[in-house]
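> Sharing a structure below in structure tokens format, with a few things to ask.
The values are calculated or read from the model by the stated rules, or taken from the named source; none is laboratory data. Values in this document were obtained by computation on a predicted structure and should not be read as measured data. Positions of Cβ are generated from backbone atoms using ideal geometry, with glycine treated the same way; all protein chains shown enter the neighbour counts. The accessibility values were calculated without ligands, DNA or RNA, using every heavy atom of the protein model including side chains. Shrake-Rupley method; radii C 1.70, N 1.55, O 1.52, S 1.80 Å.
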Amino acid sequence: MKHFESRSDLALLGAPPAFPEPLHVGRPNMGSQETFLSYMNDIFNRRWLSNNGPLVQEFERLLAEFLGVKHCVAMCNGTVALEIAIRALELKGEVIMPSYTFVATAHALQWQEITPVFADIDPNTHNLDPEAVLRMITPKTTGIIGVHLWGRSCPVDDLQAIANDYGLKLMFDAAHAFGCSYKGEMIGGFGECEVLSFHATKFFNTFEGGAVVTSNDDLARKMRLMKNFGFSGYDNVIYPGTNGKMTEIAAAMGLVNLDAIGEFVEANRRNHERYSMQLNEIPGVSVLAYDGREHNNYQYVVVEVSDELPVSRDEIIHALHAENVLARRYFWPGCHNMQPYKAFYPNAGVMLPNTKAVADRVIVLPTGITLPESAIDVVASVMRLLTSQ
Ligand code: T4K
């Protein structure tokens, strides 16, 4: 009878899932609806919807202040922000980055006919391994993009030392790391610039949105031109550009959510703690920890499962989905296994053993302000049952 005790088996036998509605990874955190609606009224009355409106300006000012940088250049999403930052830095040839990231990091290079060169990660941190970065440098390398995966910082100092030694430009994809710190300093001020995503699924969202933050005046000026078709005043285009502008409605959401980030962090921290307490007790299962000495947003609950368990990672995910807990396999199978990279570099995996090992054992679980505590208990009981078979 034992295996019929498992909720996943009951689900297979037609029992209803544990939750009537799916519990998503990336369910948006949202601040005050009332304040948002009052911003909407202002926007309607002002009839100023985009193109560097007053809410975008206020949003940029508050963000730069919060992160301790001189400039925040708000954009329509994180991917365009990456593209613009890469172009403004004049990266070309080859740029080293991890394969273990969301594919947007690689696409932002490839879109501009720059070759992403995938370096392996440290299996303990899931971030770029500086030794692996050194192995991938060639005469064509012009830059490094570090990704602060899960909001846990890259080895910033080591990467900066490599960049200095080899005359490379270093920038960061900080899409996950809003509100996080490295050695006590807010992420945002490292490298030439750092790129944020405010997508709906991120810790802090503006529906869709992103920004490049930097303290470099020239770089910021260039990116402001680039995100607005290169316009400098009416009828005067002085630079090639694109449309990367943030709208007023996005900035309004950002202002509302900025007021609520304390609440978001606290909910995520509580969820992370409850997951850790329950899941870390299961042999072969561990929850990735955050460094308590740093600021963290705890947005990703990342679980690693041993390949010695009686069930596979994918079977666990399947069982959780049967309970309406829509756990994810971020960032499986790694960018190098996605197109066009897989076709371009079919042997890239040879240099990426840690990327494969980590991508094969990670499960990302739902969190955020809307997650019921009972979801954590259900996840834990499903995993306990499956792993004890
Ligand atoms: N660099 C890194 C390291 C990134 O992680 C990302 C984005 C970027 C760059 C690019 O930034 P953006 O250009 O996106 O600003 C999602 C997000 O679309 C993506 O923004 C994010 N990373 C990535 C990690 O996750 P998918 O393909 O997993 O999205 P999807 O549609 O499956 O949604 C995830 C879950 O969220 C679903 O289960 C449903 C839920 N959801 C989603 C939305 C949009 C909601 O509950 N409400 C919503 O409004 O990529």
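> What number comes out for accessible area per residue over the range 91-184 if the probe is 1.4 Å? Units Å², please.
Here the per-residue accessible area is 35 Å².
> I would also like to ask the following. Roughly what % antiparallel, to the nearest 5, for the DSSP beta bridges in the chain?
Taking every DSSP beta bridge within the chain, about 55 percent pair in antiparallel fashion.
> Be a star and scan the range 142-186 for residues whose amide nitrogen sits under 15 Å from the point 7 Å along the Cα-to-Cβ vector of Tyr239.
Within reach of a label on Tyr239, which here means backbone N under 15 Å from a point 7 Å along Cα→Cβ, the range 142-186 contributes nothing.
> If you don't mind, there's one more thing I want to ask. Only helical DSSP H runs with n ≥ 4 go in: add -39500 (n - 2.57) per run for the chain, normalise by residue count and round the 222 nm mean residue ellipticity to 500 deg cm²/dmol.
Mean residue ellipticity, 222 nm, calculated: -11500 deg cm²/dmol.
> Continuing with the same structure: Under Stokes-Einstein, with the Kirkwood radius over Cα pairs standing in for Rh, what whole-number D in µm²/s applies to the range 33-259 at 20 °C and 1.002 mPa s?
121 µm²/s
> Right, next: Write down Rg/Rh for the range 328-389, rounded to two decimals, with Rg from the C-alpha atoms and Rh from the Kirkwood relation over Cα pairs.
1.16
> Right, another one. How far apart, in nanometres, would the label points at Glu273 and Ser232 be if each is projected 7 angstrom from Cα along the Cα-to-Cβ direction?
Modelled inter-label distance: 5.3 nm.
> Where does each of 270-279, 192-201, 25-34 land if you order them by average Cβ count within 10 Å, highest first?
192-201, 270-279, 25-34
> Rounded to whole Å, give me the distance from the Cα center of the range 211-239 to that of the range 59-131.
Here the two parts' Cα centres lie 18 Å apart.
> log₁₀ I(q)/I(0) of the range 155-247 at q = 0.22 Å⁻¹, via Debye over equal Cα point scatterers, no solvent, to two decimals?
-1.13
> Here's something else I'd like to know. What FRET efficiency would be calculated for the residue pair Ser312, Phe19, taking the C-beta separation as r and a Förster radius of 22 Å, to the nearest 0.05?
Using R0 = 22 Å, I get an efficiency of 0.40.
> Let me ask something else about it. Just need the Rg to Rh number for the chain, please, alpha carbons only, Kirkwood Rh.
0.99
> Over all alpha-carbon pairs in the range 241-389, figure out the percentage whose distance exceeds 28 Å.
That fraction is 35 percent.
> May I pose another question? Modelled label-to-label distance, Asp158 and Ser388, 7 Å Cα→beta-carbon offset: nm?
Between Asp158 and Ser388, the label points sit 3.9 nm apart.
> Kindly give Rg over Rh for the range 1-145, based on alpha-carbon atoms, with the Kirkwood expression for the hydrodynamic radius.
Dividing the radius of gyration by the Kirkwood radius yields 1.14.
> Next up: Anything over 21 Å Cα to Cα? Flag those among Lys169/Lys202; Lys183/Lys222; Lys169/Lys245; Lys92/Lys222; Lys92/Lys245; Lys169/Lys342, in the order listed.
Cα-Cα > 21 Å for Lys169/Lys202; Lys183/Lys222; Lys169/Lys245; Lys92/Lys245; Lys169/Lys342; rest within.
> Can you pull the percent of the chain's accessible area that's carbon plus sulfur, 1.4 Å probe, other chains left in place?
Accessible surface attributable to carbon and sulfur in the chain totals 53 percent.
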